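What follows is a single structure, written as structure tokens, with notes after it.
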Amino acid sequence: MKAKYVNPFTDFGFKKIFGEEASKPALLDFLNALLPDAHIKNLNFKNTEQLPETSESRRAIFDIYCENEKGEKFIVELQKARQNFFKERTIYYSTFPIRELVEKGDWNFDLKAVFCIGILDFTFRDYETEEERHEWLHEIKLKNKDGKTFYDKLTYLYLEMPNFTKNEGELTTQLDKWLYFIKHLEDFQSIPEIFKDEVVFVQAMHKAELSALTLAEYTRYEDSFKIYRDWANIIETAKSDTEKRVRNEVRSEVMIEMAKTLKANGASLELITKSTGLSAAEIELL
């Protein structure tokens, strides 16, 4: 069935829904749902390109970078694929708004809060417990060895979208609704019942309609969607290659153990090679 709405995991789709001036109500509602204690009343978009202090250092380009009425900073990143040192990159990104908060002249180091939010189209692998394997929201702060918060003005929030598996009937919070919206938007053919009475979702869906895009916007979306498909193909190929390699390694281990057993029981070299597929030279080394 032909898609009616943009894919929010594309750069264009994500910014269309959350990163434009007309999208502020959606972004404001999403952030307040994610950070209910922040009580954000207003947002101003800031320059997403962050330049380093020296030409030799790396720059950073955020998907969405904004500031609320209290001067607190919010970085919102959409991450389509797992990357090496992803957590380190997030921490590096958080240094830019921190440095930006430094005031000239007489300043007492009183920093405003910084929130780094990652919407991930993949899951982390370094789980320590089975329970963590199914969590979809991770909130990270600086804590001491006893788990007590050492500094509460720097927060990292990671949303593992593949782990969010609630259906429409299980949505109980505003954050549930937003995650369901982001995860399934491209599959909708009409506004789901649960969103029909909420203006912020109705407006977001209208903005996300492919038929509402200008020709130039649609071209940019197609380019962005091609990049997303390429990423998806790379990930799927890597996953398939890994699974194939693991299967081959398991099969090889099984055949080696079989060859050892046959050899220990006096089976002929010909029988062992036919049974296991191992070469005579490999069998001799067992």
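The values are calculated or read from the model by the stated rules, or taken from the named source; none is laboratory data. This is a predicted model, so every value here is computed, not measured. Neighbour counts are summed over all protein chains in view; Cβ atoms, including those assigned to glycine, are modelled from backbone coordinates with ideal geometry.
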Check your understanding: What single numbered condition from (1) at pLDDT below 95; (2) in a helix (DSSP H, G or I) fails to hold for Asp37?
Key -> (2)
Check your understanding: Could you say whether any residue in region 159-179 is in a loop (DSSP other than H, G, I, E, B), exposed (fewer than 13 other Cβ atoms within 10 Å of the Cβ) and either under 18 Å from the mean Cα position of the chain (by Cα) or outside the structural domain of Lys80 (by TED's automatic domain parsing) (or both)?
Key -> yes
Check your understanding: Restricting region 207-258 to residues that are at pLDDT 70 or above and among the acidic types (Asp, Glu), which is farthest from Met1 (Cα to Cα)?
Key -> Glu257
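Phe115 - would you say it is within 23 Å of Phe85 (Cα to Cα) and modelled with pLDDT of 95 or more?
Details: within 23 Å of Phe85 (Cα to Cα): yes; modelled with pLDDT of 95 or more: yes.
The answer is yes for Phe115.
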Point to revise | Members of region 44-69 that are at pLDDT 90 or above and either β-branched (Val, Ile, Thr) or under 21 Å from the mean Cα position of the chain (by Cα) (or both) | key: Asp63, Ile64, Tyr65, Cys66
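Go through region 86-110 residue by residue and tally those that are in a loop (DSSP other than H, G, I, E, B) and crowded, with 16+ Cβ neighbours inside 10 Å. Spell out how you get there, then give the answer.
In the first step, residues of region 86-110 are kept if they are in a loop (DSSP other than H, G, I, E, B); the result is 101-110.
So of that shortlist, the ones also crowded, with 16+ Cβ neighbours inside 10 Å come out as 101.
Number of matching residues: 1.
Any idea which of Leu271, Leu262 is surrounded by 15 or more Cβ atoms within 10 Å (Cβ to Cβ), assigned to a helix (DSSP H, G or I) and modelled with pLDDT under 80?
Leu262
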Review point. List, please: which pairs have Cβ atoms under 6 Å, are six or more places apart or on different chains, and start with a residue in region 138-166 that is in contact (Cβ under 8 Å) with a residue 12 or more places away in the chain and polar (S, T, N, Q) and end with one that is assigned to a strand (DSSP E or B) and surrounded by 11 or more Cβ atoms within 10 Å (Cβ to Cβ)?
Key: Thr155/Phe115; Thr155/Lys141
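For region 24-35, enumerate the residues that are closer than 16 Å to Glu77 by Cβ and either out of contact with any Cys (no Cβ under 9 Å at 6 or more places or on another chain) or surrounded by fewer than 21 Cβ atoms within 10 Å (Cβ to Cβ) (or both). Break it down stepwise before answering.
The first filter runs over region 24-35 and keeps only residues closer than 16 Å to Glu77 by Cβ, leaving 27, 30-31, 34-35.
Across region 24-35, the qualifying residues are Phe30, Leu34, Leu35.
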Point to revise | Asp146 being in a loop (DSSP other than H, G, I, E, B), at pLDDT 85 or above, surrounded by fewer than 15 Cβ atoms within 10 Å (Cβ to Cβ) and among the acidic types (Asp, Glu) | key: yes
Review point. So which residues in region 1-34 are over 16 Å from the mean Cα position of the chain (by Cα), assigned to a loop (DSSP other than H, G, I, E, B) and not basic (Lys, Arg), if there are any at all?
Key: Met1, Ala3, Val6, Gly19, Glu20
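Return yes or no: is Lys153 more than 25 Å from Tyr65 (Cα to Cα) and either in a loop (DSSP other than H, G, I, E, B) or of a type outside the set (Asp, Glu) (or both)? Steps first, please.
Numbers: more than 25 Å from Tyr65 (Cα to Cα): no; either in a loop (DSSP other than H, G, I, E, B) or of a type outside the set (Asp, Glu) (or both): yes.
Here the answer is no, as Lys153 does not meet what is asked.
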